[in-house]
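The values are calculated or read from the model by the stated rules, or taken from the named source; none is laboratory data. Just so you know, these numbers come straight off a predicted model, no measurement behind them. In this analysis, Cβ positions are derived from the backbone assuming ideal geometry, glycine residues included, and neighbour counts consider all displayed protein chains. Surface accessibility is based on the protein's heavy atoms, side chains included, excluding ligands, DNA and RNA. Shrake-Rupley method; radii C 1.70, N 1.55, O 1.52, S 1.80 Å.
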Amino acid sequence: MVDKQFKAESKRLLEMMINSIYTNREIFLRELISNASDAIDKMYYRALTDDKLVFDKDKYYIKVEVDKDSRTLKISDTGIGMTKDELEENLGTIAKSGSLAFKETNEIKDGHDIIGQFGVGFYSAFMVADAVTVVSKSVDGGEAFKWESQGVEGYTIEPHEKEEYGTDVILKLNESTDEDDYDQFLEEYRLKQIIKKYSDFIRYPIKMGEEVVNSMVPIWRKNKSELTDEDYEKFYAEKHYGFDKPIKHIHISVDGAVRYDAILFIPENIPFDYYSKEYEKGLELYSNGVLIMNKCSDLLPDYFSFVKGMVDSEDLSLNISREMLQHDRQLKLIAKNINSKIKKQLQSLLKDERDKYENFYESFGRQLKYGVYSDFGANKEVLQDLLLFYSSTEKKLVTLEEYVSRMPEDQKYIYYASGDTVEKIEKLPQTELVAEKGYEIFYFTDEVDEFAIKMLAAYKEKEFKSVSDGDLGIELEEDQKDVSEEDGKKEVFEFMKDLLSDKVKEVRASKRLKTHPVCLATEGELTIEMEKTLQSMPNSQGVKAEKILEINMNHQVFSALQEAFENDKEKLKLYTNLLYNQALLIEGLPIDDPVEFTNDMCRIMK
Ligand code: ADP
Ligand code: MG
């Protein structure tokens, strides 16, 4: 019998490992089953070149057994096994992982990533067991051996009886305490649950009693032509990606500079917490059929955070840590690749299945618009052709491309009007001139719309313009030319401006009003809708749009103002306040003093 100490650094690593790295203990089973599967793989490759070994499919399996009385859990395989030397080499020195090349570890700069790099898989057994026994018989050596360890102190190796090639790993589970429940790992239903969760797609049968627990062939390894929409929908439901039926699935198999399979879904309904901080984006990440992460957020940009699904790549290591993953070159390539596939899918949905796209857009369009706006517009090129806005002339959602393609020759800008609802915007006085010209107007009803459009600035060299903008860029007819310069009229406006003092920047004759008496226009970057949005945020510090009160010179209200200016300045003050407050109400802005406003109304009725 050999009695040995773990090497010094192994000992430290083992202590760290047991106490810290894996917070969810259940993954020990994933690690041991993966090792068993690796060992059968090795047997398979050996059989390809060794005539004496025949790889008989039925003979290769993994078995999980529990014995409650002795608190033991046994994971056996019929794989290649380990010789005495291999038991020492592979299980006696933590850093000697058979699967990871050493050169990679030399590239690590800071220490905390080391754990993620080494093959510490086997040692995760010590997270749940105070003693671990490994009985193994290798195809390369006659005798079987038993390796035994109680953790940090060291291990023993001695000859042992075993008939078949392969390895048994036997865990003596810890006693449960108030904080830690180890008894769960003695319950068959719980073990099945864990196997289903992490190891469902291990290629070899995982048996518990006579039952094969895993489904073995993952749907993403199957041929696309053999799969129906129902198969994908079933997978979507089984994986609990959502309760709805997905609008679209994307099945990707890439075999190039980077190799991976992926099944992605575009859901139909918004998860209830989607537009909240609680929502966590991400795809399931598998390494060669074994789940390594539930929600890998690095695989999806925020603007596609609604996408559900999974990615499986054999280029990723099972034991890679979260920190390492973020810097993983392969993962970055996969993410980039996935991003362009999602974009293409959405584009073709928009082109070929407009109804479905609009359905999708209703749920997640806002996220795309946030995407245009965030990161200082870095992604606007990717996203601009996926946007839809309500059109005043088409009475439905249209794309920017559709709008621009039918712009009349003389139209300089892409016009938009903002408000709470389409119905409310339809009634805005500011839209009159643009609408009369026959120009199409986008109706913006989402808070983010104007912010997104400001970030875009232009589409196909056509700039966006609010219908409330001081300068609409529309050539006016001769009789609509600026009449405020005419005798006496200018003084009326200047007087009104003084009465309103800093509430408005200017009072002037309107070029955009046709039938309505009054409206507000704005100058500068900030529009009234943006002011409303910003005001509703914390720390808005009272940002204000620069407002201009516009009066319709052709409306009889103007004659009343002129008459009051000449004969009764008190009356002019009353009219000015009334008109200003009306303009605020039209915009959906609060008026400073509603009581005064209603009293004013009564005064003119007398
Ligand atoms: P990794 O799987 O990343 O190599 P592990 O700590 O999980 O790291 O395993 C260490 C090594 O021990 C493996 O590389 C393998 O050589 C050996 N090993 C572990 N379990 C088995 C098994 N069931 N059969 C044969 N060899 C095994
Ligand atoms: Mg392993």
Placed amide H near Asp469: partners under 5 Å, 5+ positions off or other chain: Thr522
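Ignoring ligands, DNA and RNA, please state the percent of accessible area on segment 315-374 from carbon and sulfur, probe 1.4 Å.
On the way: 1380 of 3160 Å².
Taking all protein chains in place, segment 315-374 shows 44 percent carbon and sulfur surface.
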Within segment 336-354: backbone nitrogen closer than 17 Å to the Ser405 label point (7 Å, Cα to C-beta): 347-354
Hey, what angle do you get for helix 188-199 against the long axis of the chain, alpha-carbon based, 0 to 90 degrees rounded to 10? 70
For a Förster distance of 56 Å, can you work out the FRET efficiency between the beta-carbons of Glu210 and Ser536, rounded to the nearest 0.05? 0.35
Would you mind calculating the gained length between Thr515 and Glu89 on full extension (0.36 nm times residue separation, minus the Cα-Cα distance), in nm to one decimal? 144.3 nm
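Can you say what percent of the DSSP beta bridges in segment 477-606, counting only those with both residues inside, are antiparallel? Round to 5. Please list the in-between numbers first.
Numbers: 6 of 10 bridges.
Percentage antiparallel, nearest 5: 60.
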Val311 long-range amide H proximity, modeled H, under 5 Å: Glu284, Leu285, Tyr286
Under a 1.4 Å probe, what is the accessible area of segment 137-248 per residue, stated in Å²? 56
Arranged from highest to lowest average of other beta-carbon atoms within 10 Å per residue, in what order do the peptides 439-451, 537-549 appear? 439-451, 537-549
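Return the calculated 222 nm mean residue ellipticity for the chain, to the nearest 500 deg cm²/dmol, obtained by summing -39500 (n - 2.57) across DSSP H runs with n ≥ 4 and dividing by the residue count.
Numbers: 20 runs with 215 residues, N = 606.
Mean residue ellipticity at 222 nm (helix-derived): -10500 deg cm²/dmol.
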With a/c under 1.5 counting as rounded, go ahead and sort segment 477-606 into rounded, prolate or oblate using the C-alpha gyration tensor (a ≥ b ≥ c being the square roots of the eigenvalues; past the cut-off, prolate if a/b is larger than b/c, else oblate). oblate
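Answer rounded, prolate or oblate for the chain, using the Cα gyration tensor with square roots of eigenvalues a ≥ b ≥ c: rounded when a/c is under 1.5, else prolate when a/b is larger than b/c, else oblate. Spell out each step's value before the answer.
Numbers: a/c = 3.79, a/b = 2.95, b/c = 1.28.
Here the chain falls in the prolate category.
Per residue, how much accessible area does segment 388-475 show when a 1.4 Å probe rolls over the protein heavy atoms, in square angstrom? Display every interim value, and only then the final one.
On the way: 3900 Å² over 88 residues.
It amounts to 44 Å² per residue over segment 388-475.
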Antiparallel %, DSSP beta bridges [both residues in the chain], to 5: 80
Note, segment 569-574: 3J(HN,Hα) by Karplus (6.51, -1.76, 1.60, θ = phi - 60°), whole Hz, Gly/Pro = x, goes 5, 4, 5, 4, 4, 4
Probe radius 1.4 Å, ligands and nucleic acids ignored: give me the carbon and sulfur share of the accessible area of segment 431-565 as a rounded percent. 44
Please list, in chain and number order, the residues 5+ apart from Asn174 or on another chain whose amide H is under 5 Å from its amide H, with Hs placed from the backbone. Ala129, Asp130
Length released on extending from Glu238 to Lys412, taking residue separation times 0.36 nm less the Cα-Cα span: 57.4 nm
In whole Hz, the Karplus estimates of ³J(HN,Hα) for segment 208-216 (6.51, -1.76, 1.60; θ = phi - 60°; x where Gly or Pro) are 10, x, 8, 7, 8, 7, 8, 8, 6
Give a residue-ordered list of calculated ³J(HN,Hα) values for segment 126-140 (Karplus: 6.51 cos²θ - 1.76 cosθ + 1.60, θ = phi - 60°; whole Hz; x for Gly, Pro). 6, 6, 10, 10, 8, 9, 10, 10, 10, 10, 9, 10, 8, 5, 9
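Let me make sure I get this right: for segment 388-475, a, b and c are the square roots of the gyration tensor eigenvalues over alpha carbons, sorted descending. Under 1.5 in a/c it's rounded, otherwise prolate if a/b > b/c, else oblate. Which is it?
Values: a/c = 1.27, a/b = 1.09, b/c = 1.17.
In terms of gyration-tensor shape, rounded.
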For segment 367-436 and segment 241-301, distance of Cα centres in Å: 31
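Could you pull out the pairs from Lys197/Lys380; Lys308/Lys380; Lys63/Lys222; Lys248/Lys427; Lys351/Lys412; Lys248/Lys336 whose alpha carbons sit more than 31 Å apart here?
Over 31 Å Cα-Cα: Lys197/Lys380; Lys248/Lys427.
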